[in-house]
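Read through the structure below, which is laid out as structure tokens, and then see the notes.
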Amino acid sequence: MTTSSASPDSRAATWIAGALGVLPFLQVIPIDFDRTGALVLLLPALWAGRRHVLLALREIFGGAFAATAAPRGNALVAALVSVGGLATMIAALRADQPAPAFVTASEWVVLGAVALIAGRIARVDAAASRRMLLGLTVGAAAGMVAMWSWWLASGRGGVPMYAHYRHLGLH
């Protein structure tokens, strides 16, 4: 598979790389968009790589999605994903504020689906893998430099009071 054409795999890898490069810069928006921005930025990657999600689910869960049973190594992964999904649903339903809980849970689902897409594309296309890794490293480095530059230029001192991983561009 080549990445020179506009194949769905190439488009998905490009969207993932672009989103990884942009995510750290969402922290300067005054609302809490840096947490939900991934939902918007990764939707095109999710659409372009949607077949990889289904294939990965077949690999993990087997039986219900395919004619053959899941390999033994995937049984533990399937159990962990199932228990984690059930725990997330229960936690969101029982939350004091279920709407934000479900937004966070949906973001986890989108991020998990994009991780499945990225993993499957990386296995079959080395150039797409490098492009996604480049998006991650450039985004993290540029986000960290931008954040610290903004912080130091604002006169707040050399150490931030609120040292959250999002402020370092490490999404």
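The values are calculated or read from the model by the stated rules, or taken from the named source; none is laboratory data. Remember, predicted model here, so these are calculated numbers, not experimental data. For neighbour counting, all protein chains shown are included, and Cβ atoms are generated from backbone atoms with ideal geometry for every residue, glycine included. The area values use the complete protein model at the heavy-atom level, side chains included, leaving out ligands, DNA and RNA. Shrake-Rupley method; radii C 1.70, N 1.55, O 1.52, S 1.80 Å.
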- Query: What nm value, rounded to one decimal, do you get for the distance between Ser7 and Ser106 when each label is placed 7 Å out toward the C-beta?
  - Reply: 3.2 nm
- Task: Would you kindly derive the ³J(HN,Hα) couplings of the range 139-153 from the backbone phi angles with the Karplus curve 6.51 cos²θ - 1.76 cosθ + 1.60 (θ = phi - 60°), listing them in order in whole Hz, with x for Gly and Pro?
- Result: x, 5, 5, 5, x, 5, 5, 5, 5, 5, 4, 4, 5, 5, 5
- Task: Answer with one residue from Val81, Ile121, Ala95: the one whose Cα lies farthest towards the positive end of the charge dipole of the range 79-137, charges on Cβ with Lys, Arg +1 and Asp, Glu -1.
- Result: Ile121
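Kindly sort Trp151, Trp108, Trp47 by accessible area of their heavy atoms, largest first, with the probe set to 1.4 Å.
The ordering from most to least exposed comes out as Trp47, Trp108, Trp151.
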